[in-house]
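Q: Take a look at the following structure, please.
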Amino acid sequence: MTPLTSGPEIRIMLVDDHPVLRAGLANLLEVEPGFKVVVPAGTGEAAVRLCREHKPDVCLRDLNMPGLGGREALRRLREAVPACRVVVLTSSESAEEAELVLAAGARGYLTKAVPFREIVT
């Protein structure tokens, strides 16, 4: 397995259509040692474009968003920057959906109900 990052920080892109969730999560992650939120995105389309531009180490993204969402968004993100590890953070607790997303290339699947420490881990 290749290292997550070559630098001192894990560079994160946050993708969610809820601005308050993006801002809150960014604030929480920014105070954690070893993390840097490099760019937020509110749509799947913006996420693909910004991922190409900023080349984050991790894309922490919601699964179900208006416009480009779901497994198609995951596929496009993986094509745009193959080295970026996509972790899904969603409200869905469906085991079937989790299996499909992981099979499509996501490196992790977390529900929005998990404690923040689990997201950091």
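The values are calculated or read from the model by the stated rules, or taken from the named source; none is laboratory data. Since this is a predicted model, take the numbers as computed values, not measurements. Reconstructed Cβ throughout: ideal geometry from the backbone, glycine too, with neighbour counts over all protein chains shown. Accessible surface is based on the protein model in full, side chains and every heavy atom, while ligands, DNA and RNA are left aside. Shrake-Rupley method; radii C 1.70, N 1.55, O 1.52, S 1.80 Å.
Q: Answer rounded, prolate or oblate for the chain, using the Cα gyration tensor with square roots of eigenvalues a ≥ b ≥ c: rounded when a/c is under 1.5, else prolate when a/b is larger than b/c, else oblate.
A: rounded
Q: Right, another one. Would you mind telling me the share, in percent, of accessible area of the chain contributed by carbon and sulfur at probe 1.4 angstrom?
A: Accessible surface attributable to carbon and sulfur in the chain totals 57 percent.
Q: Moving on to the next point. Report the FRET efficiency, 1/(1 + (r/R0)^6), for His18 and Ala83, where r is their Cβ-Cβ distance and R0 is 35 Å, rounded to 0.05.
A: 0.80
Q: Would you kindly state how much longer the chain becomes between Glu32 and Ala95 on full extension, computed as 0.36 nm times their sequence separation minus their alpha carbon distance, in nm to one decimal?
A: Result: 19.7 nm gained on full extension.
Q: How much accessible area per residue does the chain have, counting only protein heavy atoms and a probe of 1.4 Å, in square angstrom?
A: Accessible area per residue: 54 Å².
Q: What's the ranking of 85-96, 52-63 by average number of surrounding C-beta atoms within 10 Å, highest first? Spell out each step's value before the answer.
A: Details: 85-96: 16.3, 52-63: 20.7.
Descending packing order for the listed peptides: 52-63, 85-96.
Q: For the chain, what is the relative contact order in percent, using Cα pairs closer than 8 Å and at least 6 residues apart in sequence?
A: It comes to 22 percent, rounded to a whole number.
Q: Taking every DSSP beta bridge with both residues inside the chain, roughly what % is antiparallel (nearest 5)?
A: Taking every DSSP beta bridge with both residues in the chain, the antiparallel ones total about 0 percent.
Q: Roughly what would the spin-label model give for His54 and Glu118, points 7 Å off Cα along C-beta, in nm?
A: Here the modelled spin labels are 2.5 nm apart.
Q: Taking 0.36 nm per residue of sequence separation and subtracting the Cα-Cα distance, how much length would be gained by fully extending the chain between Ala103 and Ala46, in nm to one decimal?
A: 18.2 nm
Q: Could I ask something else about it? Using only helices, what value at 222 nm comes out for the chain when you add -39,500 (n - 2.57) per DSSP H run of length 4 or more and divide by the total residues, to the nearest 500 deg cm²/dmol?
A: Theoretical 222 nm ellipticity from helices: -11500 deg cm²/dmol.
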